[in-house]
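Worksheet: the structure to be examined is printed underneath.
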Amino acid sequence: MATRPPDMSEDSFAAFLGAVTAALGPEAVTTDPATLQRFRDPYTYREDDRRDYSAVVSPVTTEEVQAVVRAAACFAVPLWTIGQGRNNTYGGPAPRVKGSVLVSLREMNRILEINRELAYVVIEPGVRWSDLAQALVADGGHLWTSVPDLGWGSVLGNSLDGGVGYAPLGDHAANLAGLEVVLPDASLLRTGYGAHPGNAAWHAAPRGVGPSVGGLFLQSNFGIVTRAGYLVSRTPEAYAPCQLTFRGYDALVGVVDAMRDLMLTGVVTNYPALFRSVELVGGEQVMTPGSDGWIGRFALYGSRASIDAGLQTARARLGAVAGADLDASVFAGDDVTGLTRHDQRVQRGIPATELGDPEHLPFGPNFAHLDFSPVVPQLGLAVTAAEQFIAAHYAERRLPLSGGILLRGRNALVISTTFFDASDEAMTAVAYRSYAQLVETCAARGILPYRTNLDSMDAIAGHLDFGDSALPRFLGTLKDALDPGGIIQPGKSGIWPARWPQPAPSTGTRPSCRR
Ligand SMILES: Cc1cc2nc3c(=O)[nH]c(=O)nc-3n(C[C@H](O)[C@H](O)[C@H](O)COP(=O)(O)OP(=O)(O)OC[C@H]3O[C@@H](n4cnc5c(N)ncnc54)[C@H](O)[C@@H]3O)c2cc1C
């Protein structure tokens, strides 16, 4: 039987689809099962239907997004939003509620402005990292963007979910500079100085005046972002990608502390990554399960003179760590062709295009992975203790462990990645159970992740219980006030509208339905 939104009759669903089709046109609305299948989470068990969509709608303008939201509010249809829907390991494109309607913003993919003087861009939500990186090169290469390892995702989807990248300005949420948002009642809100028509500082002074509400749209379900300013950086005169090798936990303590000093004094301005169990073999980085070898990457940016001085400081500071070895190359800031390795390219804002040939991945086309990424203060002992605890967790369960540690200056993400075969139900269940156990054992140690998959959102929200759960209660109050019908991404980050899990379509105020 075709999937429908919860508690919805066939007739009501048809009326909803009719309203959306009238506004967007028939080619923008589909219930075709093969298309819906393309929007399932590829990292869940292949036969798992807990998160099947009932329809996919593809608006191309803000007005069309408003029309979708208006219809959803009328008919109490839960929506889930994607920019590209490649949020793999965090749920991919899938919703929390079975039968939701997917609002795919892949077709809203225009770069509206590249502002060279002020170093920002204005983009729609479907713009991919690869699109932005290419557009900046085509614009003359005056500006760079930070990018994640892969360029397949959208800038806004990644940034709204708190994603990270590896050139300067790697905290992507912090680069959001003025949002335009469709609220659950289909009205349009602009944050900061965007609320002041004609104000030229909107994307240059993102907070504006008065309470700053931009952060409310991160990892949340209070609206659909249809446009945003996004900060990028000036192309430096020179760029020096650096490769660091070391062995064992004692050296890890020293490297984490040394990198903190280099970051907090402004010598290193990107997010360094340290990859566990990797060996250099003939100059190639080779994943070597069980090895105590680490390979780190970071980069320096600036004038040739400042890079020379920075490298001297970095060599002195890291040289004090027993066994640490640093290798650096210096490139002109506008040199794209000389960069041959992925680490050289990604730290200069050129992402990899795809995951790689499935035949070379563990489990081939059924490859899946779960990343558990807790946040700890960037203190060598604290990071190493978390690393050891997490490594022991995987070893006890005989699960593969890869990934590494992302350094953000004051805090670090201890990213543990485990691989599994998504066509194997039992193996997939083991990976998810291990993740859920890690959530609990780490929470008991005072540690939570920075971002999580759909299955663990409620558990993590449940640990935010300071002050009689004041924060979840605050968010729930906002949710019910802004979205009484509970239509926008119910369950995202564990924020549920009051009407769930027993949907009562008559709850709340809704705009009048035009059927
Ligand atoms: C091998 C691999 C490597 C990866 N490397 C990285 C990495 O280096 N850094 C990193 O951060 N991630 C990484 N990821 C995770 C993911 O691929 C990226 O974060 C990707 O950029 C997500 O973008 P997206 O467009 O697919 O997000 P989407 O799935 O489109 O969006 C993510 C979430 O944001 C919300 N959302 C999206 N658009 C809107 C909107 N317009 N309004 C309101 N809410 C919205 C939704 O809740 C959605 O579920 C990696 C994944 C894999 C598999």
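The values are calculated or read from the model by the stated rules, or taken from the named source; none is laboratory data. None of these values were measured; they are calculated from a predicted model. Cβ placement follows ideal geometry from the backbone for every residue including glycine, while neighbour counts extend to all protein chains displayed.
Going residue by residue through the stretch 58-65, is there one that turns out to be within 16 Å of Gly99 (Cβ to Cβ) and over 23 Å from the mean Cα position of the chain (by Cα)? No, the conditions are met nowhere in the stretch 58-65.
For the stretch 180-192, the candidate set comprises residues that are hydrophobic (A, V, I, L, M, F, W, C) and out of contact with any Leu (no Cβ under 8 Å at 6 or more places or on another chain); within that set, the residue that is nearest to Gly210 (Cα to Cα) is Leu188. Among Leu355, Leu399, Leu406, Leu361, which is of a type outside the set (Phe, Trp, Tyr), within 16 Å of the ligand (Cβ to nearest atom) and touching a Ser or Thr at 6+ places or on another chain (Cβ under 9 Å)? Result: Leu406 is the single residue among Leu355, Leu399, Leu406, Leu361 that is of a type outside the set (Phe, Trp, Tyr), within 16 Å of the ligand (Cβ to nearest atom) and touching a Ser or Thr at 6+ places or on another chain (Cβ under 9 Å). Elements of the type strands (runs of 3 or more DSSP E) sitting completely within the stretch 267-359 and holding at least 3 residues that are surrounded by fewer than 17 Cβ atoms within 10 Å (Cβ to Cβ) and out of contact with any Lys or Arg (no Cβ under 8 Å at 6 or more places or on another chain): these cover 278-281, 284-287. Among the conditions (1) within 16 Å of the ligand (Cβ to nearest atom); (2) in contact with a Lys or Arg (Cβ under 9 Å, 6 or more places away or on another chain), the only one that Leu379 does not satisfy is (1). Can you say whether Gly157 is assigned to a loop (DSSP other than H, G, I, E, B), surrounded by 17 or more Cβ atoms within 10 Å (Cβ to Cβ) and at pLDDT 95 or above, as far as the supplied structure shows? Spelling it out, it is not the case that Gly157 is assigned to a loop (DSSP other than H, G, I, E, B), surrounded by 17 or more Cβ atoms within 10 Å (Cβ to Cβ) and at pLDDT 95 or above. Of everything listed in (1) away from the ligand (no atom under 16 Å from the Cβ); (2) without any contact (Cβ under 8 Å) to a residue 24 or more places away in the chain; (3) buried (at least 17 other Cβ atoms within 10 Å of the Cβ), the single unmet condition for Asp465 is (3). Inside the stretch 131-150, can you point out the residues that are part of a loop (DSSP other than H, G, I, E, B) and surrounded by 22 or more Cβ atoms within 10 Å (Cβ to Cβ)? Once the filter is applied, which keeps residues that are part of a loop (DSSP other than H, G, I, E, B) and surrounded by 22 or more Cβ atoms within 10 Å (Cβ to Cβ), the stretch 131-150 yields Thr145, Ser146, Val147.
If the condition is being in a helix (DSSP H, G or I) and in contact with a helix residue (DSSP H, G or I) (Cβ under 7 Å, 6 or more places away or on another chain), then the stretch 16-38 contributes Phe16, Ala19, Val20, Ala23, Leu24. Residues in the stretch 174-207 that are of a type in the set (D, E, K, R) and crowded, with 16+ Cβ neighbours inside 10 Å were compared, and the one that is nearest to the ligand (Cβ to nearest atom) is Glu180.
Only residues that are aliphatic (A, V, I, L, M), more than 6 Å from the ligand (Cβ to nearest atom) and within 17 Å of Ser373 (Cβ to Cβ) were counted in the stretch 124-173, giving 1. With respect to the stated conditions, Thr288 fails to be at pLDDT 95 or above and either polar (S, T, N, Q) or touching a Cys at 6+ places or on another chain (Cβ under 7 Å) (or both). Checked against the criterion of being within 27 Å of Ser402 (Cβ to Cβ), at pLDDT 95 or above and over 24 Å from the mean Cα position of the chain (by Cα), the candidates Leu264, Leu318, Leu274 yield just one match: Leu318.
Contact map, the stretch 32-48: residues that are in contact (Cβ under 8 Å) with a residue 40 or more places away in the chain paired with residues that are assigned to a helix (DSSP H, G or I), Cβ distance under 6 Å, separation 6+ or inter-chain. Pairs shown: Tyr45/Glu425; Tyr45/Thr428. It is to be established whether one or more residues within the stretch 443-460 are crowded, with 21+ Cβ neighbours inside 10 Å, aliphatic (A, V, I, L, M), without any contact (Cβ under 8 Å) to a residue 60 or more places away in the chain and out of contact with any Phe, Trp or Tyr (no Cβ under 8 Å at 6 or more places or on another chain). No; the residues of the stretch 443-460 include none that is crowded, with 21+ Cβ neighbours inside 10 Å, aliphatic (A, V, I, L, M), without any contact (Cβ under 8 Å) to a residue 60 or more places away in the chain and out of contact with any Phe, Trp or Tyr (no Cβ under 8 Å at 6 or more places or on another chain). For Arg110, the conditions (1) without any contact (Cβ under 8 Å) to a residue 24 or more places away in the chain; (2) touching a Phe, Trp or Tyr at 6+ places or on another chain (Cβ under 9 Å); (3) of a type outside the set (S, T, N, Q) all hold with the exception of (2).
Scanning the stretch 362-405 for residues that are part of a loop (DSSP other than H, G, I, E, B), within 22 Å of the chain's Cα centre (by Cα) and aliphatic (A, V, I, L, M) returns a single hit, Leu401.
If only residues of the stretch 106-117 that are of a type in the set (A, V, I, L, M) and surrounded by 15 or more Cβ atoms within 10 Å (Cβ to Cβ) are counted, the one that is farthest from the ligand (Cβ to nearest atom) is Ile114.
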